[in-house]
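Student: The structure is given below, and queries will be raised subsequently.
The values are calculated or read from the model by the stated rules, or taken from the named source; none is laboratory data. The shown structure was predicted, so the numbers you read here are calculated from the model rather than taken from an experiment. Ideal geometry is used to build each Cβ from the backbone, glycine not excepted, and the neighbour counts take in all protein chains shown.
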Amino acid sequence: MASRCRRRDLAWLMLIGPALNAAHAEDIPVCPSAAATNVPAGASNNVRLVTGAPYSALGTSQTTVTLPDGSRVVRENVIRQWRDSDGRTRAEISLSTIGGTPAVEVNTTVTVIDDPAARERYVLQPGGRMATLPIVPCRPASEPDITVGPPRPANLPMRVSQPVKLGERKLDGETVAGRRIEATIPAGAMGNPKPIEMSAEQWYGKELQVVIEATYRDPRTGETRYKLSDIERVEPDAALFKVPDKSGKVAPPPRPER
Amino acid sequence: MTDTLHPQLDALLARYRRELRDTEPSDSLDARIARLVATGEKVSPRRPARMRRVAFWAAAAGLAAVAIAAGILIGMRLERAAPAHVAQQEAALPADFSLWPADSVALQIPAEYSAQGTLVAVDPNARTTGKRYWIDVVVSNDGTVRIDRIVPAETNHKKGAPDGITLQTP
């Protein structure tokens, strides 16, 4: 009798288990677009939850500025990133100099760990200090959000083209889809005698759901090329997602060879 | 002069004759008059002056209510339309060049101008040597690292962590 009961319970569990899981997945809302929230990227506490696609990679962003005398200034910022099957992420952001007017020499590394299950983001700072921020996990929208990013000055007129699809291709074993957008600041808008032409091109990994390659051209800040390299589609070391205790003491995680 | 009457005039005269005949004393005429007297109140198209005033004011109040309701509805529609219009403009003009979803983190970094005239990140615990600024930086995994804004440290800005790098909250 008891065994029959256990068998029945097991059958029920098998029956409702997937349904419960599906219900849990449905609990996570679709990420709102930046336009809908009217909150600039980075300032929102919504964090994309991508599960079942673990990887580690190195993102390198190289900005080249050509000065009026013809000389070139090259700046590089690096983000080493990991994501496990549960959607936990770790990003080690090494900033040297941030382009723009004026440029800022930062020369620091900040580590950001997002734990969607705990709904917390941990920022590990130089010196072992840590800051914690609540996050709201959300499912990536099926359509790309073309309004992600910090706001541009509202009073600066700008003509922006509709995104142009560039098709798909293989890049480092990843199927990537490309999009390109162009923008123009009309002549005289900011004391410029000629129109300022800008463009952005991004190639998005369909399986990993991250930008694999990008090129940004803006005569004001130079040309920035971004490339995600050293892509490994394996489960990262769980120690990478361990968060220090309240005292801030934690053993440094194993750092993969670059 | 013509000897024959115009057909229309002829028809009118015939009708007049018929009506004269009907008004001649007869049983049917008496019955009609009795019916009319019995239902006199209903037949009378004129209502008392007081009733007319009440009806007038009721109609005026109804019209006023309809006008106020229409005004409220139009106002609500206009109010709803305004933010939608703004949102549409924002959607038409992408805030940035990011074409695909990306993950971003906003950091606040304290900085000072160096002797070379460039902004350099500093340790907030270090003694200030000049005017200090907060730099809001947004780093995304689509390769964009952008300065969102730079504000003097004296302004009412979120206080940073001891080493000066904090998350920016909405």
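Student: Quick one: would you say residue B:83 is under 30 Å from residue A:179 (Cβ atoms), modelled with pLDDT of 75 or more and under 42 Å from the mean Cα position of the chain (by Cα)?
Tutor: Working: under 30 Å from residue A:179 (Cβ atoms): yes; modelled with pLDDT of 75 or more: no; under 42 Å from the mean Cα position of the chain (by Cα): yes.
Taking the combined requirement at face value, the residue does not satisfy it.
Student: Does residue A:184 satisfy the criteria of being more than 10 Å from every other protein chain (Cβ to nearest Cβ) and surrounded by 15 or more Cβ atoms within 10 Å (Cβ to Cβ)? Quick ask: steps written out before the conclusion?
Tutor: Values: more than 10 Å from every other protein chain (Cβ to nearest Cβ): yes; surrounded by 15 or more Cβ atoms within 10 Å (Cβ to Cβ): yes.
Taking the combined requirement at face value, the residue satisfies it.
Student: Still on this structure, I have one more. Exactly one of these conditions fails for residue B:106: (1) at pLDDT 85 or above; (2) in contact with a Leu (Cβ under 8 Å, 6 or more places away or on another chain). Give me its number.
Tutor: (1)
Student: Run down A:102, A:157 and say which single residue is modelled with pLDDT under 80 and under 23 Å from residue B:105 (Cα atoms).
Tutor: Numbers: A:157 fails: under 23 Å from residue B:105 (Cα atoms).
Residue meeting the stated conditions: A:102.
Student: Give just the number: which of (1) assigned to a strand (DSSP E or B); (2) within 20 Å of residue B:144 (Cβ to Cβ); (3) polar (S, T, N, Q) does residue A:175 not satisfy?
Tutor: (2)
Student: Still on this structure, please answer the following. Can you pull out the residues in segment A:214-228 that are surrounded by fewer than 21 Cβ atoms within 10 Å (Cβ to Cβ) and in contact (Cβ under 8 Å) with a residue 40 or more places away in the chain? Don't jump to the end; show me each part of the working.
Tutor: Taking segment A:214-228 and keeping what is surrounded by fewer than 21 Cβ atoms within 10 Å (Cβ to Cβ), we get A:215, A:217-223, A:225, A:227.
Passing the criteria: A:220, A:221, A:222, A:223, A:225, A:227.
Student: Go through segment A:54-70 residue by residue and tally those that are at pLDDT 95 or above and in a loop (DSSP other than H, G, I, E, B). Don't jump to the end; show me each part of the working.
Tutor: Keep residues of segment A:54-70 that are at pLDDT 95 or above, which gives A:54-60.
Within this subset, residues satisfying the condition of being in a loop (DSSP other than H, G, I, E, B) are A:54.
Counting residues in segment A:54-70 that are at pLDDT 95 or above and in a loop (DSSP other than H, G, I, E, B) gives 1.
Student: For the subset of segment A:77-117 comprising residues that are hydrophobic (A, V, I, L, M, F, W, C) and more than 8 Å from chain B (Cβ to nearest Cβ), which member is surrounded by the fewest Cβ atoms within 10 Å (Cβ to Cβ)? Before the answer, list the steps.
Tutor: Initially, segment A:77-117 is screened for residues hydrophobic (A, V, I, L, M, F, W, C), giving A:78-79, A:82, A:91, A:93, A:95, A:98, A:103-104, A:106, A:110, A:112-113, A:117.
In the following step, the residues that additionally are more than 8 Å from chain B (Cβ to nearest Cβ) were identified as A:78, A:82, A:113, A:117.
Details: A:78: 17, A:82: 22, A:113: 24, A:117: 10.
Residue satisfying both the conditions and the ranking: A:117.
Student: If you check residue A:41 against the conditions, is it modelled with pLDDT under 90, out of contact with any strand residue (DSSP E or B) (no Cβ under 8 Å at 6 or more places or on another chain), facing chain B (nearest Cβ under 10 Å) and surrounded by 15 or more Cβ atoms within 10 Å (Cβ to Cβ)? First the steps, then the outcome.
Tutor: Working: modelled with pLDDT under 90: yes; out of contact with any strand residue (DSSP E or B) (no Cβ under 8 Å at 6 or more places or on another chain): no; facing chain B (nearest Cβ under 10 Å): yes; surrounded by 15 or more Cβ atoms within 10 Å (Cβ to Cβ): yes.
Here the answer is no, as residue A:41 does not meet what is asked.
Student: Go over the candidates B:145, B:138, B:120 one by one and state the one that is within 7 Å of another protein chain (Cβ to nearest Cβ) and surrounded by fewer than 21 Cβ atoms within 10 Å (Cβ to Cβ). Steps first, answer last, please.
Tutor: Numbers: B:145 fails: surrounded by fewer than 21 Cβ atoms within 10 Å (Cβ to Cβ); B:138 fails: surrounded by fewer than 21 Cβ atoms within 10 Å (Cβ to Cβ).
On inspection, the qualifying residue turns out to be B:120.
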